[in-house]
Amino acid sequence: QVQLVESGGGVVQTGNSLTLSCGASGGTFSNYVMAWFRRSPGEERAFVAYISRYGRNTDYADSVKGRFTISRDNAKKSVYLQMNSLKPEDTAVYYCAVRIGETTYWYTQSSSYHYWGQGTQVIVSS
């Protein structure tokens, strides 16, 4: 039902910025809770950020608070992740995810989301 296309990944120097985009097709975008997860080499997929259906609520992993900002544009059916002050520890494949309906208390868990994008690679050099 829902198809996600991610873009914006690349290679940057420590301290620089990068913005990821995720466009959705199918269904009603305003009924989607959106999130970003990431997977570093040799590690499990981890929560990065989420945003509620109309953008009223957001939350972030402690490791990215103050540096990353999630936003959405329901008219464009897109969600974004602005990443500032990037560190080598941010190197990972970043995934866009969709949850159909209301936010759950367990919004940091992968199992709360119904659809996933293909992932986009971010590499931060030291």
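Only one of (1) touching a strand residue (DSSP E or B) at 6+ places or on another chain (Cβ under 8 Å); (2) without any contact (Cβ under 8 Å) to a residue 60 or more places away in the chain is not met by F29, so which one is it?
(1)
What are the residues in segment 60-73 that are more than 11 Å from the chain's Cα centre (by Cα) and either in a strand (DSSP E or B) or modelled with pLDDT under 95 (or both), if any?
D73
What is the number of the single condition among (1) open to solvent by 40 Å² or more (accessible area, probe 1.4 Å); (2) more than 14 Å from the chain's Cα centre (by Cα); (3) at pLDDT 95 or above that L86 does not meet?
Among (1) open to solvent by 40 Å² or more (accessible area, probe 1.4 Å); (2) more than 14 Å from the chain's Cα centre (by Cα); (3) at pLDDT 95 or above, the lone unmet condition for L86 is (1).
Between a first residue in segment 109-126 that is closer than 19 Å to D90 by Cα and at pLDDT below 95 and a second residue that is open to solvent by 80 Å² or more (accessible area, probe 1.4 Å) and of a type in the set (S, T, N, Q), which pairs have beta carbons less than 9 Å apart while being 6 or more apart in sequence or on different chains?
S126/Q13
Considering only residues that are touching a Ser or Thr at 6+ places or on another chain (Cβ under 9 Å) and in a loop (DSSP other than H, G, I, E, B), look in segment 45-59 and name the one that is nearest to G119 (Cα to Cα).
Residues of segment 45-59 touching a Ser or Thr at 6+ places or on another chain (Cβ under 9 Å): 45-55, 57-59.
Keeping just the survivors that are in a loop (DSSP other than H, G, I, E, B) gives 45, 52-55, 57.
Numbers: R45: 11, S52: 21, R53: 22, Y54: 24, G55: 22, N57: 24 Å.
Residue satisfying both the conditions and the ranking: R45.
Yes/no per residue for (1) in contact with a Leu (Cβ under 9 Å, 6 or more places away or on another chain); (2) of a type outside the set (D, E, K, R); (3) in a strand (DSSP E or B); (4) open to solvent by less than 70 Å² (accessible area, probe 1.4 Å):
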site: N16; (1), (2), (3), (4): yes, yes, no, no
site: S21; (1), (2), (3), (4): yes, yes, yes, yes
site: R38; (1), (2), (3), (4): no, no, yes, yes
site: P41; (1), (2), (3), (4): no, yes, no, no
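Among (1) of a type outside the set (V, I, T); (2) within 25 Å of Q1 (Cα to Cα); (3) open to solvent by 30 Å² or more (accessible area, probe 1.4 Å), where does L81 come up short?
All conditions are met except number (3).
Pairs under 7 Å by beta carbon, first residue over 22 Å from L4 (Cα atoms) in segment 57-76, partner open to solvent by 40 Å² or more (accessible area, probe 1.4 Å) and not in a strand (DSSP E or B), six or more apart or different chains?
Taking only residues 6 or more apart or on different chains, the pairs are R67/N84; R67/S85.
The values are calculated or read from the model by the stated rules, or taken from the named source; none is laboratory data. All values derive from a computational prediction rather than experimental measurement. Methodologically, a virtual Cβ is constructed for each residue, glycine included, from the backbone with ideal geometry; neighbour enumeration extends over all protein chains shown. The area values use the complete protein model at the heavy-atom level, side chains included, leaving out ligands, DNA and RNA. Shrake-Rupley method; radii C 1.70, N 1.55, O 1.52, S 1.80 Å.
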